[in-house]
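These notes concern the structure reproduced below.
Just so it is clear, none of the values below were taken in a lab; they were calculated from the coordinates. Treat the numbers as computed from the prediction; the structure is a model and nothing was measured. Quick reminder, even Gly has a Cβ in these numbers, built from the backbone with ideal geometry, and neighbours come from all protein chains shown.
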Amino acid sequence: MDFTYDEQQMAFRKALRTFVDKEIIPVANEWEKTGRYPTEIVEHMKAMGLFGITTPEEYGGLDLDKVSFTLVYEELARGWMGVAGILGSHNLSCWMIGKHGTEEQKKTLLPKLASGEWRTGVGLTEPGAGTDLQGIKTTANRDGDHYVVNGAKTWITNARHANVLPVLVKTDSTTTPAHKGMSLLLIDTTTDGFEVQRDMGKLGYKGTESCEITFTDVRVPVDALLGGVEGRGLQQALSGLEIGRLNIAGRSVGIAQAAYDAALEYAKQRTAFGQPIAEFQAIQLKIADIATQLQAARLMTYWAASQADSGKRVDMEAGMAKYFASEAAITASLEAMRIHGGYGYSTEFVVERLYRDAPLMAIGEGTNDIMRTVIAKSLVAGTGVIG
C-alpha cells in the first residue's frame, strides 16, 4: 500500500495550494458576501489549464489522473467552494464529451473548452425531476435535420457563462423503460428560444450562478446529439456522475480541511480563564474528532480516485467517498463553529461560510440517501466487495 502522492502530484498540489492561498483565500469572504463573480480567479484557472483537467491531451487538455483531478477540488474548496463549483460542472461536461462524443464533436468543442475560451455545464435537473432523472419532461422532437426542444431545467451551474450545454432530453416519450428514450443534446446557448430565466437564491455555494433555464422551440442540429445515437443519454449522464462524485468528495475534504484549520488556529489564539481554549479538554476532543474524520474522508476519497485510475467502475467506491466525506464536512463545519463560540456565527469569520457551503455536498451529484442505496446495491450484487 502507498498512501503518499507521487512526485508529480506533490508538485501539482503545491502549485494549487500556492494559488489558493494567494489568490482565493484573501478575497473569498468579501466577494462571497457581496455576490461578486470571481472573474480574476477564473482567468487564473484558465492560465493554469484547470478547465481542461478531464480533456484528453490530443484535444488540448491536461487529462489528469483521478487522484490529481480530486486534488484540484480539494484545494479549491479549501479556499472557496463556489469557485470549485465553476470547474466541477464544466469538467464533468468535458469528460462526457471526451468519453461519449463523436470525433467531430470532440474536435470542434474540446479544444475551446479545455482552454477556458468556451465554458460549459450540465443540464440534467428539472423542477420536477432531480434524483429521478427518468422523470424529466423536456422533450426533443425530430423535425428533419433538427430536434425541436421544449422544457425547463433548474439548478444549472455556469448557465450564464456556458457556450454549449449538454441537456438531457426525451427523444422518445413512448419507450419503456423511460431511459431508452433519453438522449443528451449539446445545445448552443445562443440558439433562439434558449433562455436563462433567473438565478436561484441559495444558502451557500455562492460565487457561481445556479439558474433556471427554459427551452421554447429550440432548434438543435441532429449532429449535436452526443455520440450520434439516440437513447443513450441517461447512461452517458450517469457515467459522468460517477466521476462527478469524486469531485464532490474532494470538495468536501477541502471544506473539512478549512474548518479544521480555522478551528485549530482559533483555539490556540483565543484565551479564556487565563489560558488558550486549546488547553481545555472539551475543545481538544472536538479538534480530535474533526481531524480524525477529515483524514478518514481524505483517505477514502483518494482510495476511490485510485480505483477509478485503475480503469474499473467505481459506483460503490465513489458513492462511499462522497457520502462519508460530505457528512464529515458538515460535522467539521458545525464543530468548528462551536469552537469559535459567538464569533463562529459572525460573517467576519470563515466558519459561517463553510457551515453554509457544506450541506450542498450531501445533496449534489445524488443525495446521500441515494449514495447509501448505490453502495448497498453494489454490495448485494457482488460488484462491490468489502473485506
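List of remarks:
- Computed 3J(HN,Hα) for the range 25-33, one whole-Hz value per residue from the Karplus formula 6.51 cos²θ - 1.76 cosθ + 1.60 where θ = phi - 60°, is 4, x, 10, 4, 4, 5, 5, 5, 5, glycine and proline marked x.
- Residues with amide H under 5 Å from that of R219, placed H, sequence gap 5 or more: V149
- For V122, the residues 5 or more places off, or on other chains, whose built amide H falls under 5 Å of its own are T157.
- Degrees, to the nearest 10: 281-309 long Cα axis against longest axis of the chain: 30
- Förster radius 25 Å - calculated FRET efficiency between D289 and R372 (Cβ-Cβ, nearest 0.05): 0.70
- Convex hull volume of the Cα atoms of the range 161-296, normalised per residue: 164 Å³.
- Along the chain, longest interval not containing exposed chymotrypsin sites (Phe, Trp or Tyr not before Pro), exposed being DSSP loop plus at most 10 other Cβ atoms within 10 Å: 4-272
- If the chain linking K137 and S115 were pulled fully straight, counting 0.36 nm for each residue of separation and taking away their Cα-Cα distance, it would gain 4.6 nm.
- Taking the square roots of 5 times each eigenvalue of the Cα gyration tensor of the range 142-192, largest first, gives ellipsoid semi-axes of 22, 14, 8 Å.
- Pairwise FRET efficiency - E43 versus A296, Cβ, R0 = 41 Å, nearest 0.05: 0.70
- What separates the Cα centres of the range 308-387 and the range 123-150 is a distance of 29 Å.
- Dipole check for the range 35-103: with +1 at the C-beta of Lys and Arg, -1 at the C-beta of Asp and Glu, and the Cα centre as origin, the magnitude is about 300 Debye.
- Computed from backbone phi with θ = phi - 60° and the Karplus coefficients 6.51, -1.76 and 1.60, the 3J(HN,Hα) list for the range 92-104 is 5, 4, 4, 4, 5, 5, x, 7, 10, x, 6, 4, 5 Hz; x is used for glycine and proline.
- In the chain, the convex hull through the Cα atoms has an average projected area of 19.8 nm², a quarter of its surface area.
- Extension reserve of the Y345-L238 stretch, reckoned as 0.36 nm per residue once the Cα distance is removed: 34.7 nm
- Sparsely packed GluC sites (Glu not before Pro) within the range 309-387, loop by DSSP, other Cβ within 10 Å at most 12: E348
- Each residue, T216 and K180, gets one label point 7 Å from its Cα in the Cβ direction; the gap between the two is 3.6 nm.
- Additional length obtainable on full extension of the chain from S310 to K33, 0.36 nm per residue less Cα span: 95.6 nm
- Modelled label reach - N150, point 7 Å along Cα→Cβ, the range 183-224 residues with backbone N closer than 17 Å: 192-195, 214-220
- Projecting the Cα atoms of L184, A321, G250 onto the dipole axis of the chain, where Lys and Arg carry +1 and Asp and Glu carry -1 at the beta carbon, places A321 farthest toward the positive end.
- If R0 is taken as 41 Å, the Cβ-Cβ distance between D223 and R17 corresponds to a FRET efficiency of 0.45.
- One compactness figure for the range 28-176 is 1.14, namely its Cα radius of gyration divided by 2.2 N^0.38 Å.
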